[in-house]
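Please read the structure below before turning to the comments.
The values are calculated or read from the model by the stated rules, or taken from the named source; none is laboratory data. Small disclaimer: the values here were computed from a predicted structure and weren't measured. Every residue, glycine among them, receives a Cβ derived from its backbone with ideal geometry; neighbour counts consider all protein chains shown. Each accessible area value is taken on the protein alone, full model and side chains, heavy atoms only, with ligands, DNA and RNA left out. Shrake-Rupley method; radii C 1.70, N 1.55, O 1.52, S 1.80 Å.
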Amino acid sequence: MNPTRSETFQLQTSDDVIRMRQMVRVWMVEMKFGLVDQTKMVTAASELARNALAYGGGGSVCMEALADDGRRGLRLVFEDQGPGIADLELALTDGYTTGGGLGLGLSGSKRLVNEFAIWSAVGEGTRVTIVRWTI
Amino acid sequence: MDKIPILKMGHFLLVTIQVDMHDRLAMTLQDDLTSRVVKDRAKGVLIDISSLEIVDSFIGRMLANIAAMTRTLGAESVVVGMQPAVAITIVELGMSLHNVRTALNVDKGMALLIAQLNGLAEDDGNEPNPE
Ligand SMILES: Nc1ncnc2c1ncn2[C@@H]1O[C@H](COP(=O)(O)OP(=O)(O)O)[C@@H](O)[C@H]1O
Ligand SMILES: [Mg+2]
């Protein structure tokens, strides 16, 4: 599916995470997502951006507006070239953390979106793709 | 670095968390609040999050930490003003925040703290049921 609009942002500092949250919010308002949809997507984005920063040593997010059969979607692709995740199933378990967090970033953000895909290779990095649709 | 102002209201402290609080600020707030609870001999802390548009697991953990730390020092914390969309989202994210008391607004939060303070005096320090 070809995006109707696409932009990439760097995620190197916690200020970048805040700016990214604001961008996601602005896009979703423009795309006429409801408030709860916006809140869920911005929260998921915040979790994944924090992971890219904390564990991936920084990364980027590509934001894409999608249109499909009358519905609109927002796709976010988070990428980093960090250490990667050896055991994805474990990382996706509620409460699992290696960083003293709550261990809800991956599992929780998966619940907050309509589509969730994760790729990771040890020594290469991690890529998480999420999509939220209007309907 | 900026600081989040902590206001004294009688026996209680009131903190209003601004939109998009920076992470370092969040960490400083935990330290500042615990010192102020001790210094002001506060009996309760109200944390107003009505201007927070999201609560992710980092902020949620901070709120839980504050509640746990102030409780150890004898002050109950109440998180007030959580937006409905935020409440829906944190449940789906999987955060229970079951150790954090919540109230609709500052007035209701204050009433909760006062009721608990009175209850404590009557009950000889027994823990009142938050529900
Ligand atoms: N981008 C990433 N690169 C490497 N490891 C990651 C990445 N994202 C998550 N992880 C690993 O997965 C674990 C779970 O992540 P998450 O669910 O966000 O919980 P938390 O951030 O609280 O630890 C992390 O503790 C970390 O070990
Ligand atoms: Mg995380």
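Just wondering, is there one or more residues in the range B:32-45 that are modelled with pLDDT of 95 or more and closer than 15 Å to B:A103 by Cα?
Scanning the range B:32-45, I find at least one residue that is modelled with pLDDT of 95 or more and closer than 15 Å to B:A103 by Cα, so the answer is yes.
Show me the strands (runs of 3 or more DSSP E) entirely contained within the range B:1-102 in which 3 or more residues are surrounded by 14 or more Cβ atoms within 10 Å (Cβ to Cβ) and under 11 Å from the mean Cα position of the chain (by Cα).
B:12-16, B:44-48, B:76-80
Just to check your reading of the model, which residue among A:G95, A:G101, A:G57 is open to solvent by 10 Å² or more (accessible area, probe 1.4 Å) and either part of a helix (DSSP H, G or I) or at pLDDT below 95 (or both)?
A:G101
For every residue, the table says whether it meets (1) of a type in the set (V, I, T); (2) over 30 Å from B:L120 (Cα atoms).
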{"position": "B:I17", "(1), (2)": "yes, no"}
{"position": "B:T28", "(1), (2)": "yes, yes"}
{"position": "B:T70", "(1), (2)": "yes, no"}
{"position": "B:A85", "(1), (2)": "no, yes"}
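For every residue, the table says whether it meets (1) more than 10 Å from every other protein chain (Cβ to nearest Cβ); (2) of a type in the set (G, A, S).
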| position | (1), (2) |
| --- | --- |
| B:E53 | no, no |
| B:S57 | no, yes |
| B:M62 | yes, no |
| B:G74 | yes, yes |
| B:M82 | yes, no |
| B:T89 | no, no |
| B:M95 | no, no |
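Can you pull out the residues in the range A:104-128 that are buried (at least 18 other Cβ atoms within 10 Å of the Cβ), in a loop (DSSP other than H, G, I, E, B) and free of Cβ contacts under 8 Å to residues at least 60 places away in the same chain?
A:L104 - this is the single residue of the range A:104-128 that is buried (at least 18 other Cβ atoms within 10 Å of the Cβ), in a loop (DSSP other than H, G, I, E, B) and free of Cβ contacts under 8 Å to residues at least 60 places away in the same chain.
From the set of residues in the range A:65-85 that are small (G, A, S) and either within 9 Å of ligand 1 (Cβ to nearest atom) or part of a strand (DSSP E or B) (or both), which is farthest from A:L11 (Cα to Cα)?
A:A67
Of the conditions (1) crowded, with 19+ Cβ neighbours inside 10 Å; (2) under 25 Å from B:D2 (Cβ atoms), B:L113 satisfies every one except a single condition; which number is it?
Among (1) crowded, with 19+ Cβ neighbours inside 10 Å; (2) under 25 Å from B:D2 (Cβ atoms), the lone unmet condition for B:L113 is (2).
Test of understanding: among A:V36, A:V29, A:V61, which residue is more than 10 Å from chain B (Cβ to nearest Cβ) and away from ligand 2 (no atom under 16 Å from the Cβ)?
A:V29
Across the range A:1-54, what is the number of residues that are without any contact (Cβ under 8 Å) to a residue 12 or more places away in the chain, hydrophobic (A, V, I, L, M, F, W, C) and open to solvent by 30 Å² or more (accessible area, probe 1.4 Å)?
Count: 4.
Among what's in the range A:1-25 and is more than 12 Å from chain B (Cβ to nearest Cβ) and among the β-branched types (V, I, T), pick the residue that is nearest to A:S60 (Cα to Cα).
Top of the filtered list is A:T8.
Under 7 Å between Cβ atoms, which residue pairs at least 6 apart in sequence (or on different chains) link something in the range B:28-56 that is closer than 21 Å to B:I88 by Cα with a partner that is open to solvent by 30 Å² or more (accessible area, probe 1.4 Å) and hydroxyl-bearing (S, T, Y)?
These pairs meet every condition: B:D48/B:T16.
Can you pull out the residues in the range A:97-106 that are within 12 Å of chain B (Cβ to nearest Cβ) and within 6 Å of ligand 1 (Cβ to nearest atom)?
Matches in the range A:97-106: A:T97, A:G99, A:G101, A:L102, A:G103, A:L104, A:G105, A:L106.
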